[in-house]
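The values are calculated or read from the model by the stated rules, or taken from the named source; none is laboratory data. Every value quoted in this text rests on a predicted model; they were computed, and no experiment measured them. Reconstructed Cβ throughout: ideal geometry from the backbone, glycine too, with neighbour counts over all protein chains shown.
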Amino acid sequence: MANSRGFALVLVLSLLAILVLVTYAISTVGKVSGAISSAAVYQIQARQNALSAMQSAIGKLQVYAGPDDRLTGMAGIVGIPISTDSPTRYWTGVWRSDGSDEVWLVVGNASPALSTTNYLLLVGENSVGDQGLTKATSSSSREKEWVKVPVEMVADAAGSVVGHFAYWVGDEGSKISLHVPDDELPNENGAPQVSDKLLTSQTGVWEAVKASSVTAKQRLVAYEQALSIGASASQVQEGFHFLTIRARSPDGSSYVSGRVNINTSSRPLWYSLVSTYNTLTTGAKLSSEASVARKIADAMTVGPFASVADFESSTLLDDALPSTVTPATFVQTLNGIIAVRSDTFRIRAYGDAMNPADADDPNAKPEAVAYCEAIVQRTNQDDPGGHGKKFVVTYFRWLGPDDI
């Protein structure tokens, strides 16, 4: 009898232990499930904020750059120097045709000349590589500046900060197009080419595209896809600021590809335009391409040119060219190739989600972050809102922190 009671006691204790373990397991699963659910909600909120940033960027681009009589250009043309301390140099600005009403395509009314303290990095090491390789002086043509932008807060109905968003609009028209179809050539004699005076690392993507098949070229939509045709990651990074797959411009009822916006102080870009002149000209060639390119790029600091004719008559171009080549000859050789605005842009957008409980903590970290990117093209269709020609998204992808 005593043995039976002892066995019963052991059985009860064992069942009780199992019950405790089951209760603990259920509690733990509930907590994990709740944590996963909460993390998913934060990630959704972060993506929503990133998409809101993208929509804001497209809206601002449409309003200010949609009309025909607009100029666009990088912040380098208003005096932001080549430097690792210039994270706003590759911001994109928009002006009216007379150079007035300057607007920068970032959130708010920020100026590239202001302090960038607390700005967000949207183009960093994984996009352009080591920015320490950027050269402010010497004869180098390497430009690898990172890009930082201001951030806007997102508040709930009670005024608590529940997230942030930011965006950067990059000017793809101030770059050399890697693929220009024969039926969209900007000049009857050809399209811009990458200068062979640049470093091998800078010309690697260009050479990879040239060596690829027509079918492979046609499949390229975004610049980073050059990795799929043999370009290395470091080569893609080297060309980030001056190469694009294809910049297009509305031209009546059709389009032109490869046209280049000259409102830029990018040395690699000017190296390539000067090289293109030497390839296309039937007259005197420039014996020192690099010298002429640096002179033009480094003098591009006083704002945008309102027209190609203004560029032709400028002292800037006259001072850069040798006596054997006149500004008129230089510009006429590049007729159709150069312009003073862009119609293709890259937008990078960011969003994050904060825990409302951290609203009063200035050092609180976001619960989730999200990045996305789009290529946006100005078309020859009228904008329904009355802001010139309509912009459309031609490519979109989500990015991770390792893509920035």
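Apart from one condition, V302 fits all of (1) within 24 Å of I58 (Cα to Cα); (2) among the hydrophobic types (A, V, I, L, M, F, W, C); (3) surrounded by fewer than 17 Cβ atoms within 10 Å (Cβ to Cβ); (4) out of contact with any Cys (no Cβ under 6 Å at 6 or more places or on another chain); the exception is (1). The residues in the range 356-372 that are in a strand (DSSP E or B) and over 23 Å from K175 (Cα atoms) can be counted, and the count is 4. Looking at the range 121-133, which of the residues that are among the aliphatic types (A, V, I, L, M) and surrounded by fewer than 22 Cβ atoms within 10 Å (Cβ to Cβ) is nearest to A370 (Cα to Cα)? Step by step, filter the range 121-133, then rank; the result is L121.
A quick yes/no check of all residues on (1) of a type in the set (S, T, Y); (2) within 23 Å of Y119 (Cβ to Cβ); (3) touching a strand residue (DSSP E or B) at 6+ places or on another chain (Cβ under 8 Å):
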| position | (1), (2), (3) |
| --- | --- |
| P327 | no, no, no |
| V340 | no, no, yes |
| Y371 | yes, yes, yes |
| P384 | no, no, yes |
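Just one residue in the set A247, A284 is surrounded by 24 or more Cβ atoms within 10 Å (Cβ to Cβ) and either touching a Ser or Thr at 6+ places or on another chain (Cβ under 6 Å) or of a type in the set (D, E) (or both); that residue is A247. Candidates A136, A157, A113: the one that is at pLDDT below 95, of a type in the set (A, V, I, L, M) and either in contact with a His (Cβ under 6 Å, 6 or more places away or on another chain) or under 26 Å from A370 (Cβ atoms) (or both) is A157. For the range 189-218: of the residues being out of contact with any helix residue (DSSP H, G or I) (no Cβ under 7 Å at 6 or more places or on another chain) and in a loop (DSSP other than H, G, I, E, B), which is nearest to S288 (Cα to Cα)? The qualifying residue nearest to S288 (Cα to Cα) is L199.
What residue, among those in the range 141-196 that are among the polar types (S, T, N, Q) and over 23 Å from the mean Cα position of the chain (by Cα), is surrounded by the most Cβ atoms within 10 Å (Cβ to Cβ)?
Filtering the range 141-196 down to residues among the polar types (S, T, N, Q) leaves 141, 160, 174, 177, 187, 189, 193, 195.
So of that shortlist, the ones also over 23 Å from the mean Cα position of the chain (by Cα) come out as 160, 187, 189.
Working: S160: 16, N187: 19, N189: 16.
Going through the qualifying residues, I end up with N187.
Is it the case, given these coordinates, that A290 is buried (at least 16 other Cβ atoms within 10 Å of the Cβ) and on the phi < 0 side of the Ramachandran plot? Give the steps one after another, and end with the answer.
Details: buried (at least 16 other Cβ atoms within 10 Å of the Cβ): yes; on the phi < 0 side of the Ramachandran plot: yes.
Yes: the conditions hold for A290.
Summed over the range 219-264, the residues that are within 27 Å of L133 (Cα to Cα), polar (S, T, N, Q) and either touching a helix residue (DSSP H, G or I) at 6+ places or on another chain (Cβ under 7 Å) or modelled with pLDDT under 95 (or both) give a count of 8. Any chance the range 322-333 includes a residue that's under 30 Å from A157 (Cβ atoms) and in contact with a Leu (Cβ under 6 Å, 6 or more places away or on another chain)? Checking the range 322-333: not a single residue is under 30 Å from A157 (Cβ atoms) and in contact with a Leu (Cβ under 6 Å, 6 or more places away or on another chain). When restricted to residues that are among the hydrophobic types (A, V, I, L, M, F, W, C) and assigned to a loop (DSSP other than H, G, I, E, B), the range 220-250 contains 8. In the set (1) touching a helix residue (DSSP H, G or I) at 6+ places or on another chain (Cβ under 8 Å); (2) assigned to a loop (DSSP other than H, G, I, E, B); (3) touching a residue at least 60 places away in the same chain (Cβ under 8 Å), the condition left unmet by A284 is number (3). The selection criterion, being surrounded by fewer than 24 Cβ atoms within 10 Å (Cβ to Cβ) and free of Cβ contacts under 8 Å to residues at least 60 places away in the same chain, holds for E312.
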